[in-house]
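Report on the following structure.
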Amino acid sequence: MKPSISRPASSLGPLATIAAMTALLVPCLLVTACTRAAGPSGPSPPATDSGKLPAGTAGQPVLKPGPPRDGGPGLQLLRQAAQAGSRVSYQGAEMVSAWGAAGDTTVIANIWHQSGGDTLVQSAAAGTAPVSQAQQPSVSDDTDSHAPEGVLGVTGQLVALLAAHYDLAYLGPGSADSRPAQVVEARREDGSLAARFWLDQVTKLPLRREVFDSSAHLVSEDVFIDLKVGAAAAGTGPAAPAAPAAPAKSAAPGTRLAAVDLTQLRARGWPVPAALPGGLSLFEAGAAPTRSGQVLDLGYSDGLSVVSVFMQRGILPAKLAGWQKISLDGRDVYTGRPDQRSITWEGRGFVFTIMADAPAATLDKAVDTLPYNKPPGFWKRLSRGFGRLASWVNPFR
């Protein structure tokens, strides 16, 4: 995870994401993106007992639950959790961790939320500084009915996608952060465990989320600790940052894109995928103008994994300060984070940036879906050299 978040990135809407990325777009004239991930081939972290499962489930094979009927109790609980993230006033700390072959990351953020209103976030990478000393707080808006914030990435949109792609089952009572909880499990079609959620028994706020790859390795773990509920607790946060100055009148606001808008963009040559491999559906899209051109922000998810794709017409600059060149499935790309979850490259007149809240294999497949400029081979480079040599000696040029 990156050292600065306003939530697990899966819960951010496209327009907020574009606004956050503008600071990166201006100096380097490339598009960058927003979201999370972990590699499936990495070692599983040591087991912890902070999230207890219902009695009798540990160590026993769990049968694949059937599809929910009439919504099912598991789905109903997750819907309530998504609503609680906006309706309940609370204060606490989110700790988001991921493990994988590319490295381990942890981000801790203090959260203050007023019912139906703003969410104040102050975050830091674990081990760098106390959260209270790390960064100026930021405000994310929970009043946006299109993309309200959630706790631990549990939002109405993602819960709907989760129900469409996974079998959900209520396992029974458990506990997390020393609070009574209700445990919901998500399983793939083959019966393998995909995720577990611990929801506070009283408020239904998510307290813990574990995500597993197809080999049953724990690849990410999000926990909400030191939870305090009520307006008084939510009002104990630091002062909110001053509102930004009003934009210039010439600056056009970002817009949300409908299906017809995307169809028109595709007709004009924009390579907008309708879906990404792994069952990731396009569930949100936005566009905003920048000084270097229009930027599209496309969000894909199956309810657990979230991939944000940013694209813009143009080419990458010759040097990318703060980005490292790596090889990904034979492609030369650049990564801006040590865990290789933000990737940028150019292809067919566009600059693409992907940031993934997903296993590394999902990120690799997403990159493979989009255009890429292959470096010229030996004979093509040689022919170009002969072409330049011929132009030098051509007396009629």
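Values in this text are rule-based calculations from the coordinates and carry no lab data. The structure displayed is predicted, hence computed values, not measured ones. Virtual Cβ from ideal backbone geometry, glycine too; neighbours counted across all protein chains shown.
List of remarks:
- Neighbour-count order for W112, W270, W198, fewest beta carbons within 10 angstrom listed first: W270, W112, W198
- Residues M95, M355, M311, ranked from the fewest to the most other C-beta atoms within 10 Å, line up as M95, M311, M355.
- Note on segment 153-306: Kirkwood radius taken over Cα pairs, Stokes-Einstein applied at 10 °C and 1.306 mPa s, translational D equal to 84 µm² s⁻¹.
- Exposure proxy ranking, count of Cβ atoms within 10 Å, fewest first, for Y166, Y300, Y372: Y372, Y166, Y300
- Two-site label geometry, A164 and Q264: point separation in nm, points 7 Å out along Cα→Cβ: 2.4
- Net length available on complete extension from A233 to A318 is 25.6 nm, with 0.36 nm assigned per residue and the Cα-Cα distance removed.
- Two-site FRET efficiency, R291 against E189, from Cβ-Cβ distance with R₀ of 30 Å, rounded to 0.05: 0.05
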